[in-house]
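Here the structure is laid out as structure tokens; the discussion comes afterwards.
The values are calculated or read from the model by the stated rules, or taken from the named source; none is laboratory data. Just so we're clear, the structure is a prediction, and the values are computed from it rather than from any experiment. All Cβ positions, glycine included, derive from the backbone under ideal geometry; neighbour counts span all protein chains shown. Remember, those area values only see protein heavy atoms, side chains included, never the ligands or the DNA or RNA. Shrake-Rupley method; radii C 1.70, N 1.55, O 1.52, S 1.80 Å.
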Amino acid sequence: MRLKHKDLLELKRWNTPSIYNGWEQITNRDIAKECFNLEPCQDFMTHMGPMVGYAVTVVIEPSNPKHVQKNDQAWSNYRKYIAGTQGPKIVLIQDMDKPKIVGSFWGEVNSNIHRALGCVGTITDGAIRDVDEMNNAGFKAIARQLCVGHAHVVPVRWNCEVEIFGCRIRPGQLIHADKHGFLAIPEADEQRLLEA
């Protein structure tokens, strides 16, 4: 069962380390090995504060032109998935090209489209570009780096488990993220998180 909107807003008042401190009091998980980023990531919109939402997931491989040729319906089907998922949503993108990043999924166009579809931001182990335009859209981004181009960016798979910054994330997981990194809350711990 998802948290109420007012509870999500309350969680947004806390930074991610504070949420982690509460979470470790109630979980049975091995907190040293899962549920948060184990690799460095960068918050490119620290002034926006924390973001809280439910994971929608996608895998990309910008270096591979075959995806563009094979997936003429990919964008349409992917956007239907995003539109059909309850929000607020955070887009979690696994870039199969890492660590050699050759193109960005994110920029002015995709951030505005995803904002209109109920997404509040993204976490990607790939790149972003058009940072000022993303800011203007009110779309928060935590990423590995900046990038000039987009290469052959097409959604390859979506609504699947992804691994980002050493953390495995399933679609629908509650995400809390800020300048410190991110936390993917196990569903069993969601209801007691705010109280903790």
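Inspect all residues belonging to the stretch 12-23 and state whether any of them is part of a helix (DSSP H, G or I), of a type in the set (Ser, Thr, Tyr), surrounded by 14 or more Cβ atoms within 10 Å (Cβ to Cβ) and without any contact (Cβ under 8 Å) to a residue 40 or more places away in the chain. Write out each step before concluding.
Going residue by residue through the stretch 12-23, those that are part of a helix (DSSP H, G or I) are 12, 16-23.
Next, only the ones that are of a type in the set (Ser, Thr, Tyr) stay: 16, 18, 20.
Still in the list and also surrounded by 14 or more Cβ atoms within 10 Å (Cβ to Cβ): 16, 18, 20.
If we keep only those that are without any contact (Cβ under 8 Å) to a residue 40 or more places away in the chain too, we end up with 18.
The answer is yes, given that some residue of the stretch 12-23 is part of a helix (DSSP H, G or I), of a type in the set (Ser, Thr, Tyr), surrounded by 14 or more Cβ atoms within 10 Å (Cβ to Cβ) and without any contact (Cβ under 8 Å) to a residue 40 or more places away in the chain.
At least 1 residues that are touching a Leu at 6+ places or on another chain (Cβ under 8 Å) in each: list the helices (runs of 4 or more DSSP H) lying fully within the stretch 104-196 that qualify.
Working: elements: 108-116, 131-136, 190-193.
Qualifying helices (runs of 4 or more DSSP H): 131-136, 190-193.
Pairs please, first residue from the stretch 110-131 and open to solvent by 10 Å² or more (accessible area, probe 1.4 Å), second anywhere and outside any loop (DSSP other than H, G, I, E, B), Cβ atoms under 6 Å, 6+ apart in sequence or on different chains.
Correct list of pairs: Leu117/Ile82; Leu117/Ala83; Gly118/Lys89; Val120/Met51; Val120/Gly53; Asp130/Glu108.
From the set of residues in the stretch 142-154 that are under 16 Å from the mean Cα position of the chain (by Cα) and surrounded by 23 or more Cβ atoms within 10 Å (Cβ to Cβ), which is nearest to Gly172 (Cα to Cα)?
Within the stretch 142-154, the match that is nearest to Gly172 (Cα to Cα) is Ile142.
Can you find even one residue in the stretch 66-82 that is under 19 Å from Arg2 (Cα atoms) and either open to solvent by 60 Å² or more (accessible area, probe 1.4 Å) or part of a helix (DSSP H, G or I) (or both)? Explain how you work it out, then say what you get.
At the first step, the residues of the stretch 66-82 found to be under 19 Å from Arg2 (Cα atoms) are 81-82.
Filter again for either open to solvent by 60 Å² or more (accessible area, probe 1.4 Å) or part of a helix (DSSP H, G or I) (or both), leaving 81-82.
Checked against the condition, which is being under 19 Å from Arg2 (Cα atoms) and either open to solvent by 60 Å² or more (accessible area, probe 1.4 Å) or part of a helix (DSSP H, G or I) (or both), the stretch 66-82 yields at least one hit.
Starting from the stretch 163-182, keep only residues that are closer than 17 Å to Phe139 by Cβ, then list their pairs with residues that are surrounded by fewer than 24 Cβ atoms within 10 Å (Cβ to Cβ) and charged (D, E, K, R) whose Cβ atoms are within a distance under 8 Å, requiring at least 6 positions of separation or different chains.
Hits for this filter: Ala177/Asp43; Asp178/Asp43; Lys179/Asp43.
Select from the stretch 1-11 the residues that are hydrophobic (A, V, I, L, M, F, W, C) and open to solvent by 40 Å² or more (accessible area, probe 1.4 Å) and write down the one among them that is modelled with the highest pLDDT. Working first, answer last.
From the stretch 1-11, those hydrophobic (A, V, I, L, M, F, W, C) are 1, 3, 8-9, 11; that's our starting set.
Narrowing further to those that are open to solvent by 40 Å² or more (accessible area, probe 1.4 Å): 1, 9.
Working: Met1: 66, Leu9: 94.
Checked the stretch 1-11; the qualifying residue modelled with the highest pLDDT is Leu9.
Do you know which of the residues in the stretch 29-53 that are modelled with pLDDT of 95 or more, in contact with a helix residue (DSSP H, G or I) (Cβ under 9 Å, 6 or more places away or on another chain) and outside any loop (DSSP other than H, G, I, E, B) is farthest from Ile19 (Cα to Cα)?
His47
Identify all residues within the stretch 54-84 that are polar (S, T, N, Q), closer than 17 Å to Asn110 by Cβ and modelled with pLDDT under 95; write none if there are none.
Of the residues in the stretch 54-84, the ones polar (S, T, N, Q) are 57, 63-64, 69, 71, 73, 76-77.
Checking the rest, the ones that are also closer than 17 Å to Asn110 by Cβ come to 57, 71, 76-77.
Asn71, Ser76, Asn77 - these are the residues of the stretch 54-84 that are polar (S, T, N, Q), closer than 17 Å to Asn110 by Cβ and modelled with pLDDT under 95.
Looking only at the stretch 83-109, which residues are among the charged types (D, E, K, R) and buried (at least 16 other Cβ atoms within 10 Å of the Cβ)?
Quick first cut of the stretch 83-109, residues among the charged types (D, E, K, R) only: 89, 95, 97-98, 100, 108.
Within the stretch 83-109, Lys89, Asp95, Asp97, Lys98, Glu108 meet the criteria.
Just to be sure before I move on: is Asp95 closer than 23 Å to Met45 by Cβ and acidic (Asp, Glu) in the structure I sent? Give the derivation first.
Values: closer than 23 Å to Met45 by Cβ: yes; acidic (Asp, Glu): yes.
It is true that Asp95 is closer than 23 Å to Met45 by Cβ and acidic (Asp, Glu).
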